[in-house]
Amino acid sequence: MLETIQMEYYLILSAVLFTIGTIGVLTRRNAIIIFMSLELMLNAVNLSLVAFSSYYGDSAGQIFVFFIMALAAAEAAVGLAIILSLFRLKKTVYVDEVNIFKW
Amino acid sequence: MNFTFIFFIVAGTLAIASGIVTIRSKHPVLSAVSLVFHFFMLAALYLTLNAQFVAVMQVLVYAGAIMVLVVFVIMLLNLGDEHSLKERFSVQKIIAASLGIVFLLQILAIYFSFSSGKYEISEKSIQIGTAQGIGKELYSNYLIPFEAVGLLLLAAIIGAVILAKKKID
């Protein structure tokens, strides 16, 4: 039964990709790379949604992916604007050097 | 071994490899380029799932629009290599890696304990994945969320402009 692709293969691949994204968010200090790791996590979830949609023959998963993509575009615009204005204010994008909220 | 399975294995392996390069590389530009490659591999995986419209949107929106924005910001900030702070960050790396592994094991335990019994892609997925199928759903059952997403994008545009503009005083 190895030749046919089961739904679990896609789900496991999605879980591995999500974990890679999580480790990226936790270990990196560069805000842009943290942002890219967030995109990785979003895409891992998209993959599992599309897999569910295709295997169960339900269109809701792919519609969700469409909305998540629109959300990611909005998030990219606002997030990069925040990074840009942070760089203007503090001359750095390393998140451990930004401690305005630290008392 | 049929063609689709080999395609799945190759695209999946390359997706994982480019994801690891994305989070491990010192220079942000290399990260961005390998993330674009990752998005292309995901689009290939969507094609194996009969989701043509989502695959095209993946290339257009992610690899096209979002990553161009990211690369543009990287160029604008002109960052060099990330200078390492080994002594402070080794603890964080160990904690992060162990947390990640625990997290992965949890998800895998759930997936291995549950068996969907789905060995074949549904016949209906060929109609669902086309632009026609997605469009019909989007403009009938999901019309109000679709309009709400339009409003969200408008708010994001205004927010980005206000955040990124220089203060004039």
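The values are calculated or read from the model by the stated rules, or taken from the named source; none is laboratory data. Bear in mind the structure is a predicted one, so any value in this text is a computation, not a measurement. Backbone-built Cβ (ideal geometry, glycine too); neighbour counts: all protein chains shown.
Here are the numbers for this structure:
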read-out: When residues of the range B:1-47 are limited to those that are at pLDDT below 90 and hydroxyl-bearing (S, T, Y), the one surrounded by the most Cβ atoms within 10 Å (Cβ to Cβ); value: B:S25
read-out: Members of the range B:138-160 that are surrounded by 15 or more Cβ atoms within 10 Å (Cβ to Cβ) and either assigned by TED's automatic domain parsing to the domain that holds B:V61 or among the hydroxyl-bearing types (S, T, Y) (or both); value: B:Y142
read-out: Within the range A:53-86, considering residues that are more than 7 Å from chain B (Cβ to nearest Cβ) and in contact (Cβ under 8 Å) with a residue 40 or more places away in the chain, the one surrounded by the fewest Cβ atoms within 10 Å (Cβ to Cβ); value: A:L86
read-out: Yes/no for A:I20 being in contact with a Ser or Thr (Cβ under 6 Å, 6 or more places away or on another chain), buried (at least 22 other Cβ atoms within 10 Å of the Cβ), among the β-branched types (V, I, T) and closer than 26 Å to B:A97 by Cα; value: no
read-out: Boolean, B:I110 is modelled with pLDDT under 85 and in a helix (DSSP H, G or I); value: yes
read-out: Matching residues in the range B:7-34 - criterion: being under 30 Å from B:I121 (Cβ atoms) and either of a type in the set (S, T, Y) or not assigned by TED's automatic domain parsing to the domain that holds B:Y119 (or both); value: B:T13, B:S18, B:T22, B:S34
read-out: Members of the range B:63-79 found to be more than 7 Å from chain A (Cβ to nearest Cβ) and buried (at least 17 other Cβ atoms within 10 Å of the Cβ), listed by number; value: B:A63, B:M67, B:V71
read-out: When residues of the range B:1-13 are limited to those that are farther than 14 Å from A:L47 by Cβ and among the aliphatic types (A, V, I, L, M), the one nearest to the other protein chains (Cβ to nearest Cβ); value: B:M1
read-out: Residue within the range B:44-62 that is hydroxyl-bearing (S, T, Y), facing another protein chain (nearest Cβ under 10 Å) and under 10 Å from the mean Cα position of the chain (by Cα) present; value: yes
read-out: Of residues in the range A:14-52 being more than 7 Å from chain B (Cβ to nearest Cβ) and hydroxyl-bearing (S, T, Y), the one farthest from B:L49 (Cα to Cα); value: A:S14
read-out: Within the range B:123-169, helices (runs of 4 or more DSSP H) holding 3 or more residues that are more than 7 Å from chain A (Cβ to nearest Cβ); value: B:131-140, B:143-164
